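The values are calculated or read from the model by the stated rules, or taken from the named source; none is laboratory data. These numbers come from a predicted model, not from an experiment. In this analysis, Cβ positions are derived from the backbone assuming ideal geometry, glycine residues included, and neighbour counts consider all displayed protein chains. Just so you know, the surface numbers come from the protein's heavy atoms only, side chains and all, with ligands and any DNA or RNA stripped out. Shrake-Rupley method; radii C 1.70, N 1.55, O 1.52, S 1.80 Å.
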Amino acid sequence: MTDNHVHIGWYTNGYHTPEEVWQAARAAGIDEIVVSSTSTCAELYKLVVREFQELIRMGGPRVHPILWLTPRMMKTWGIRYMLHSKIRWQGVKMHWEAHHEWYYNRKLTAKALDVARKLNVPVLLHTGNFKKCHANVFKPFCLENPDMTFVLAHGRPLDEAIDVLKNCQNAMVDTAFMPPHDVMLLAENGFTDRILFGTDAPINLLFYEDRTTTEYIKFCRTVLQNTLPQSVYERIMSNQLYK
């Protein structure tokens with residue numbers, strides 16, 4: 001099983017070490033993790049590389065590193081440093097709510113997509129209930145770049161995520177912080193093969209302080225298993241994109 005939405009690094013509730021996150025996922029029965037570093041938002045590029053080096057020493061090929069791009073990184077030495085870090089990036093991420101410039105500076109966004117194209121990796125996009133990161137904001141990019149794969153993290157708002165999935169065969173979603181009923185609706189609309197299991201661990205600790213990350217991951221699995229037909233649940237849990 002793969003958790004397709006995991007973080008390491010600095011966040012508002014403190015620092016989450018690679019070892020802490022890896023051990024929590026393994027204890028929850030997760031075999032592989034798709035992970036980006038929240039330390040990127042502090043523009044701590046050298047720290048991010050060290051974090052991934054440590055994580056890869058522990059998990060090897062079971063760790064799938066995602067290069068989180070920021071506008072500042074793209075304008076400075078940061079992008080060159082990350083691309084020459086010897087980390088084999090398996091995806092590129094942009095968070096338009098954290099970095100509003102993506103929404104307004106389309107030339108910079110195009111350069112970011114070029115990074116993903118040159119690496120030949122999927123693009124992970126945060127979606128949410130804010131105008132700058134609604135799922136439909138990304139529909140034109142999916143349509144204009146049919147050679148690329150886009151993952152709408154969280155799938156929000158759900159109706160827009162469904163619209164993008166219906167019109168863009170190169171779009172997928174992950175289930176990080178997604179209500180189980182929404183996952184069910186996605187499956188009922190025929191998108192089972194395009195749903196990736198994800199938890200957003202360890203960001204869960206910010207919202208569920210009385211539950212460890214391991215317990216939270218197990219909870220996410222159990223809720224989906226109790227909500228979905230077994231065959232659908234097993235398919236979603238085995239879906240894999242990053243290689």
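Calculated from DSSP H runs of 4 or more alone, at -39500 (n - 2.57) each and per residue, what is the 222 nm mean residue ellipticity of the chain, nearest 500? Before the final figure, lay out the partial values.
Details: 12 runs with 107 residues, N = 243.
Mean residue ellipticity at 222 nm (helix-derived): -12500 deg cm²/dmol.
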Q. Between the range 212-243 and the range 8-66, what is the C-alpha centre distance in whole Å?
A. 20
Q. What percent does the relative contact order of the range 156-243 come to when contacts are Cα pairs within less than 8 Å and at least six residues apart?
A. 30
**Q.** Formal net charge of residues neighbouring Leu108 (Cβ-Cβ distance under 10 Å; K, R +1; D, E -1)
**A.** +3
Q. Accessible area per residue, 1.4 Å probe, Å², for the chain: what's the number?
A. 44
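Before anything else, pin down the relative contact order of the chain: Cα pairs under 8 Å, at least 6 apart, normalised by residue count, whole percent. The partial results should precede the final answer.
Working: 419 pairs, mean separation 47.5, N = 243.
Relative contact order here is 20 percent.
How charged is the neighbourhood of Asn239? Take every other residue with its Cβ under 15 Å from the Cβ of Asn239, and add Lys/Arg as +1 and Asp/Glu as -1.
Numbers: positive: Arg194, Arg221, Arg235, Lys243; negative: Asp3, Asp31, Glu32, Asp174, Asp193, Glu234.
Net local charge, Asn239 excluded: -2.
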Q) DSSP loop chymotrypsin sites (Phe, Trp or Tyr not before Pro) in the range 122-173 with at most 14 other Cβ atoms within 10 Å of their Cβ, which ones? A) Phe130
Q) Tell me, what % of the accessible area of the chain is carbon and sulfur with a 1.4 angstrom probe? A) 51
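Is there a pair in Lys111/Lys218; Lys93/Lys218; Lys111/Lys243; Lys107/Lys218 whose C-alpha atoms are over 32 Å apart, and which pairs would that be?
On the way: Lys111/Lys218 38 Å; Lys93/Lys218 25 Å; Lys111/Lys243 23 Å; Lys107/Lys218 41 Å.
Correct reply: Lys111/Lys218; Lys107/Lys218.
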